[in-house]
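Take a look at the structure set out below.
The values are calculated or read from the model by the stated rules, or taken from the named source; none is laboratory data. What you are looking at is a predicted structure, and each value in this text was computed from that prediction instead of being measured. Neighbour counts run over all protein chains shown; Cβ positions are idealised from the backbone, glycine included.
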Amino acid sequence: MTKAAAVGQSGAESGAAGGDRGVHLLREMLRIRRFEECCVELYSRAEIRGFLHLGIGEEACAVGVMEALSPDDAVVSTYREHGHALARGLSMRAIMAELEGKVEGCSRGRGGSMHLFDAATRFYGGNAIVAGGLPLAVGVALADHLQGRSRVTACFFGDGAVAEGEFHESMNLSELWHLPVLFCCENNLYAMGTALKYTESETDLSLKAASYRIPARVVDGMDVLAVEAAAREATQAIRGGGGPQFLELRTYRFRAHSMYDPDRYRDKAEIEGWKERDPIPALVAQLTASGALGEGGLDRLEAEIAVEVDDAVAFAEAGTYEPLDDLERFVTSEAVPQEQTP
Ligand SMILES: Cc1ncc(C[n+]2csc(CCOP(=O)(O)OP(=O)(O)O)c2C)c(N)n1
């Protein structure tokens with residue numbers, strides 16, 4: 001893909017929903033959907049507290065990109081990251097326990113929903129700061145690059161990130177140093193209550209990456225096969241020494257920004273219109289038509305996933321809170337010698 005030709009392509013070629021692979025993609029999206037629906041219930045019972053941002057509607061982005069990564073690759077995400085973490089392979093138990101603030105959680109219950117972390121799968125967070133993950137991803141990729149490892153760092157962020165200086169610094173340095181980063185912009189058209197069109201003079205976000213000479217393409221983020229195909233091409237280009245690549249995944253969140261948001265800024269008809277493009281029923285229809293999802297296949301998947309979600313909730317509820325005596329554990333500080341203080 002040449003830099004100029006890559007810019008502004010309207011969607012990657014959507015692959016066919018082949019048998020087992022298609023069912024696997026469906027299972028992963030359903031796991032995320034059912035997990036997050038359960039989170040809503042737990043939140044209403046105050047089993048989960050604090051901030052909770054759901055990615056319901058955006059599952060195809062997480063699942064499609066993750067399919068193109070290998071276990072050695074790294075992932076950096078945002079506060080809307082449950083789907084990324086599940087698709088990356090963190091256990092549902094460890095995520096649910098984290099959301100409930102239990103020691104058995106993937107961040108020992110200290111991070112909560114916005115700070116999922118797992119070194120074993122190179123899942124380097126969960127980040128509450130808009131655009132905060134981009135320089136981290138550039139740093140991870142720089143380390144891999146300097147050590148001569150053929151690894152990709154996938155970095156997820158929202159459309160709101162493009163208004164931050166960190167976004168532009170990260171675009172610039174990653175291209176200048178030719179780093180192996182796959183930038184995945186989940187453009188759901190809104191940054192909290194503000195529509196992109198009110199803050200950006202250029203709403204085609206792929207053009208922003210292209211202005212830094214990064215190959216960029218626009219992808220239908222509601223089509224998991226299109227996302228997977230685009231992510232595979234991009235990761236191949238990166239592994240072949242092509243430097244950073246940028247995917248603008250056009251998607252939509254079906255729910256409010258967070259559990260605190262009354263969602264008064266979006267037109268109901270707009271939300272309903274996007275729900276008609278829900279990536280899950282779309283894939284079910286394709287798999288049913290191709291025969292890959294046979295009689296009762298969807299019900300069996302749903303039943304398996306219900307067992308996994310119930311198990312994760314039971315695990316989290318049986319978990320423990322960190323004792324108060326542990327409060328200073330992992331807190332480090334370095335004393336500054338007195339002569340160095342002003
Ligand atoms: C640097 C910074 N500024 C402001 C905020 C407050 N804030 C939290 S989420 C958010 C919107 C970000 O939207 P976007 O990047 O599009 O991601 P989305 O929530 O749509 O997934 C803002 C402004 C923040 N967390 N960090």
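Mind listing just one residue for me: the one in the range 35-79 that is among the hydroxyl-bearing types (Ser, Thr, Tyr) and away from the ligand (no atom under 16 Å from the Cβ) and, of those, farthest from Arg250 (Cα to Cα)?
Looking at residues that are among the hydroxyl-bearing types (Ser, Thr, Tyr) and away from the ligand (no atom under 16 Å from the Cβ), I get Ser44.
So, in the range 35-59, exactly how many residues are of a type in the set (D, E, K, R), under 15 Å from Ala85 (Cβ atoms) and out of contact with any strand residue (DSSP E or B) (no Cβ under 7 Å at 6 or more places or on another chain)?
The qualifying residues number 2.
Going by the structure shown, is Ala195 of a type in the set (A, V, I, L, M) and touching a helix residue (DSSP H, G or I) at 6+ places or on another chain (Cβ under 9 Å)?
No, not satisfied.
How many residues, within the range 254-278, are closer than 29 Å to Ser91 by Cα and away from the ligand (no atom under 16 Å from the Cβ)?
Adding up the residues that qualify gives 3.
When Thr251 is evaluated against the numbered criteria (1) more than 30 Å from Leu134 (Cβ to Cβ); (2) touching a Gly at 6+ places or on another chain (Cβ under 8 Å); (3) of a type in the set (Val, Ile, Thr), which criterion, by number, is the only one it fails?
Going through (1) more than 30 Å from Leu134 (Cβ to Cβ); (2) touching a Gly at 6+ places or on another chain (Cβ under 8 Å); (3) of a type in the set (Val, Ile, Thr) one by one, Thr251 breaks only (1).
When you look at Arg217, is it part of a helix (DSSP H, G or I), more than 16 Å from the ligand (Cβ to nearest atom) and within 20 Å of the chain's Cα centre (by Cα), yes or no?
No: the conditions fail for Arg217.
Tell me, which helices (runs of 4 or more DSSP H) wholly within the range 97-212 include 2 or more residues that are surrounded by 18 or more Cβ atoms within 10 Å (Cβ to Cβ) and more than 16 Å from the ligand (Cβ to nearest atom)?
Where helices (runs of 4 or more DSSP H) fall fully within the range 97-212 and carry at least 2 residues being surrounded by 18 or more Cβ atoms within 10 Å (Cβ to Cβ) and more than 16 Å from the ligand (Cβ to nearest atom), they are 133-146, 165-176.
Rundown of residues vs (1) over 29 Å from Cys184 (Cα atoms); (2) surrounded by fewer than 18 Cβ atoms within 10 Å (Cβ to Cβ); (3) among the hydroxyl-bearing types (Ser, Thr, Tyr), yes/no style:
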position: Phe246; (1), (2), (3): no, no, no
position: Gln286; (1), (2), (3): no, no, no
position: Gly296; (1), (2), (3): yes, yes, no
position: Asp311; (1), (2), (3): yes, yes, no
position: Ala316; (1), (2), (3): yes, no, no
position: Val331; (1), (2), (3): yes, yes, no
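Can you find a residue that is modelled with pLDDT of 95 or more and surrounded by fewer than 20 Cβ atoms within 10 Å (Cβ to Cβ) anywhere in the range 76-89?
yes
Can you run down the residue pairs with Cβ atoms below 6 Å, 6 or more apart or on separate chains, where the first is in the range 119-144 and within 19 Å of Ala209 (Cβ to Cβ) and without any contact (Cβ under 8 Å) to a residue 60 or more places away in the chain and the partner is in a helix (DSSP H, G or I) and of a type outside the set (Asp, Glu)?
Final answer for the pair search is Ala131/Ala161; Ala131/Phe167; Leu134/Phe167; Leu134/Ser170; Pro135/Ser170; Val138/Ser170; Val138/Leu173; Val138/Ser174.
Out of (1) over 30 Å from Gln147 (Cβ atoms); (2) part of a helix (DSSP H, G or I), the odd one out for Ile56 is which?
Ile56 satisfies all of (1) over 30 Å from Gln147 (Cβ atoms); (2) part of a helix (DSSP H, G or I) except (2).
Within the range 261-274, can one find any residue that is of a type in the set (Ser, Thr, Tyr), under 23 Å from the mean Cα position of the chain (by Cα) and surrounded by fewer than 16 Cβ atoms within 10 Å (Cβ to Cβ)?
no
Among the residues of the range 180-202 satisfying the criterion of being hydroxyl-bearing (Ser, Thr, Tyr) and over 21 Å from the mean Cα position of the chain (by Cα), which is farthest from His257 (Cα to Cα)?
Only one residue tops the list, namely Ser201.
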